[in-house]
C-alpha cells in the first residue's frame, strides 16, 4: 500500500510539473499576441510623422501590453513585456525576449486601471543593456517620454535619450515617470516559450533559438520599418 501511494504521488507530481509548464507556455504566447495588438493600436492612434520616424529609426522595440496601476497617489506600476531587436544585416527583427518592468510611477491616479507601454530603443547602448539580467531606467540607460502635440516635431529632432517611451491609459491619471523603473529578464517565460533555458544573448545575438509563432508580429514590425 505504501509503495502504491508513493507511485500515485510521483504521478501527481509529474502531472503538476507539466501542467505548470503548459500554463507558462500559454502565458508567454498570450503575451506575444497581446503585444502585437498593443503595437497595432499605437500605430493606428499615433499617425504623426515624428512618431512614425522614431519607430523607423529605432534599434529595438519593447511592448508592455498591460501595465497595472493601483488606486494610490504616486502609486507604482508593473507588468510583463517582450523585446525585439532590429538586425540591420538580415533586415528583420529578432526575438522576442520576455521581461518584467516594475517601479514605474503614475501620479494622481483615479482608481485602479491599466496602460499600454511602448519603449523605442534608439541607441546601441540601450539595446546592449537589455542583454543583461536587469537594468535601471535613468541610471543604466537614458529615457525620455515621447513628445506629443504642438512642438513635438521639434522636440523629437532634439531627443538624445537611449529610450523614448509612449503610453496609453484606460483611466484618468496625471504625471508619468519612468525614472528608476527596473526591467528584469523573465527566465521562466523565456524557458517556457523556447522549450529550454535561454538568455537574451542566446535569442538576440547567437540566435540559436527561434519560434514561428512570432512571425506575424515580426512582419508587422518590419512593415513599419519601411524595408525595401
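Looking only at the range 177-207, which residues are assigned to a loop (DSSP other than H, G, I, E, B) and over 19 Å from residue 28 (Cα atoms)?
Narrowing the range 177-207 to residues assigned to a loop (DSSP other than H, G, I, E, B): 178-181, 186, 195-199, 207.
Hits for the range 177-207 are 178, 179, 180, 181.
Which residues, counting only those in the range 134-151, are surrounded by fewer than 15 Cβ atoms within 10 Å (Cβ to Cβ) and either over 26 Å from residue 100 (Cβ atoms) or modelled with pLDDT under 50 (or both)?
148, 149, 150, 151
Within the range 206-224, can you find the residues that are surrounded by 13 or more Cβ atoms within 10 Å (Cβ to Cβ), at pLDDT 85 or above and out of contact with any strand residue (DSSP E or B) (no Cβ under 7 Å at 6 or more places or on another chain)?
209
Being modelled with pLDDT of 80 or more, outside any helix (DSSP H, G or I), under 21 Å from residue 34 (Cα atoms) and out of contact with any helix residue (DSSP H, G or I) (no Cβ under 6 Å at 6 or more places or on another chain): is that true of residue 161 here? It would help to see each step written out before you state the result.
Working: modelled with pLDDT of 80 or more: yes; outside any helix (DSSP H, G or I): yes; under 21 Å from residue 34 (Cα atoms): no; out of contact with any helix residue (DSSP H, G or I) (no Cβ under 6 Å at 6 or more places or on another chain): yes.
No.
The values are calculated or read from the model by the stated rules, or taken from the named source; none is laboratory data. Quick caveat, the model's predicted, so the values are computed rather than measured. Glycine gets a Cβ as well: all are built from the backbone with ideal geometry, and neighbour counts include every protein chain shown.
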